[in-house]
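Beneath this line is the structure, given in structure tokens, with notes to follow.
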Amino acid sequence: MGHHWDFGDIALIIFVTMGCILVWSWLSREASLTESLMDGGKKKQPILPSSPREEDFRESALDALLDKREDIYDAFREGGLKGHENAAQACERWRQYACRQKSVAALALAAALSRLCPEAPPNGKPQARLEELLHLAGNGEGHFLLGLGHLSLYEHFHPQHEDLAQDAWRRAIEHFRLSGSVGSRDGMEAAALLCVCGHDLPFTPPKNFQEYLPLLKASNIKAQKTFYEDLELCIEDSDDSPAMHLYLPLDASSPSSRESLFWNVQLAEAGDLLAMHYLATLYAGTEPPDMERAEMWYRRSMEAGNRSSAADDLCRLYLSGALPDETGQKTATCLIFSACEELSEDHDVYDEDEDAPAGRNVKLSADDMAQLKGYDGLAGEAGRRARAQLDACKAGGEALHAQARRNLLAWDARRRHEADSRLKTARQKLSVLCTNLKSEPRPRRRAVARPDKH
């Protein structure tokens, strides 16, 4: 006889079936979540340092970086950006502000936001906005401004919209890399600085960069620490302060360290005097030290007008015997150079009303020379050789120092001139762009006839 299905049996089957469906649904959801975390977990993980010290460093570093373009903060406030939901309105306000104030930074913010939130631009595609900015500012300055724009958006969206914030961070890195790749000093510094702050974008150094990788050895830590301490004391009034881009990430084996070193080497080879000093410090501090290259980079930094301690570091290496100086002339020249620098710093303090006190020649008096000859560091054999050469090297050391200070003034003047020229050209192109935007015919609304008018 067949089994007779009553109402209780049917209800039990339905109950068991529904239970199985619920369990299967829960397991599927957990599996899906696990798979999502495994596949996209890297995007969800913080890519930036999280300890308080590193957090403070990043905050100070980003402030120093954004301060390089004075109008970036004012322009950002004009956008009235609340969240990605009003991105289109913010882009339009930035473009209007750009035309009113001839603010290229405002245009960069609009271009950055249009890339970050593709729904933002009401007229045209994000790529068109990017190309428009590069046409105005050039590749070096344009990509640098786009990087700053994305950093501003990172600060705005972090931490309420972490996905958008991290996307903005990564895009800033990409633009700084592009800026640095065409020779922009600002782009190189920014790319190196974001390496120190931390990121997860892969970087493959070129093959000819492999020779520099031994400089990342842990043996350099002590030499770097001394360099940083001296640097912070000596460049407080410099445009390069606080020179955070010169720091290497704490983990020397990380790709970020390799990239940071890469950009600092590029800066040194481009004539950046602080980067040259830094590179010399790395060569002198590695194991085994490459003292020949260390001497070359110290010397180049000193002759470029380095106002920190390149001459002092070089002198210490001569006196310690780490670098050969059989006659004592190299040591004596460095001592005279440093004494002239000390005097010129006094002039800079007391003659603030003069236009360029750093450019005039400094002559050491008889008392200055007597003080040099009594320097405690000249007690050893290398010191005695140097003391005997001080009078003979006096004129040469003074002339070398005067030329170095002129080199520094010329370097700073050239940087300012190039920056002013780029800004002037960009604003002229922006004026033309804004004129064209005003003259463009707006689409007219199509009239619809009322039914009673037919």
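Considering each residue of segment 289-308, count those that are of a type in the set (Gly, Ala, Ser) and touching a His at 6+ places or on another chain (Cβ under 6 Å), and give that number.
Residues flagged as of a type in the set (Gly, Ala, Ser) and touching a His at 6+ places or on another chain (Cβ under 6 Å) within segment 289-308 amount to 1.
Determine the pairs where a residue that is in contact (Cβ under 8 Å) with a residue 24 or more places away in the chain, located within segment 66-87, has a partner that is exposed (fewer than 15 other Cβ atoms within 10 Å of the Cβ) with Cβ atoms under 6 Å apart, the partner being 6 or more residues away or on another chain.
The qualifying pairs do not exist here.
Every residue, every condition in (1) surrounded by 20 or more Cβ atoms within 10 Å (Cβ to Cβ); (2) more than 30 Å from residue 99 (Cβ to Cβ), yes or no:
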| position | (1), (2) |
| --- | --- |
| 137 | yes, no |
| 144 | yes, no |
| 151 | yes, no |
| 172 | yes, no |
| 182 | no, no |
| 188 | yes, yes |
| 192 | yes, yes |
| 196 | yes, yes |
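Within segment 378-396, track down each residue that is outside any helix (DSSP H, G or I) and touching a helix residue (DSSP H, G or I) at 6+ places or on another chain (Cβ under 8 Å).
380
Would you call residue 316 surrounded by fewer than 24 Cβ atoms within 10 Å (Cβ to Cβ), more than 17 Å from the chain's Cα centre (by Cα) and outside any loop (DSSP other than H, G, I, E, B)?
So residue 316 passes the test.
Results for (1) modelled with pLDDT of 90 or more; (2) under 35 Å from the mean Cα position of the chain (by Cα); (3) within 20 Å of residue 303 (Cβ to Cβ), shown as yes or no for each residue.
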| residue | (1), (2), (3) |
| --- | --- |
| 338 | yes, yes, yes |
| 351 | no, yes, no |
| 358 | no, yes, yes |
| 370 | yes, no, no |
| 381 | yes, no, no |
| 393 | yes, no, yes |
| 401 | yes, yes, yes |
| 416 | no, yes, no |
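The values are calculated or read from the model by the stated rules, or taken from the named source; none is laboratory data. All figures in this text were calculated on a predicted structure; none of them were measured in a lab. Glycine gets a Cβ as well: all are built from the backbone with ideal geometry, and neighbour counts include every protein chain shown.
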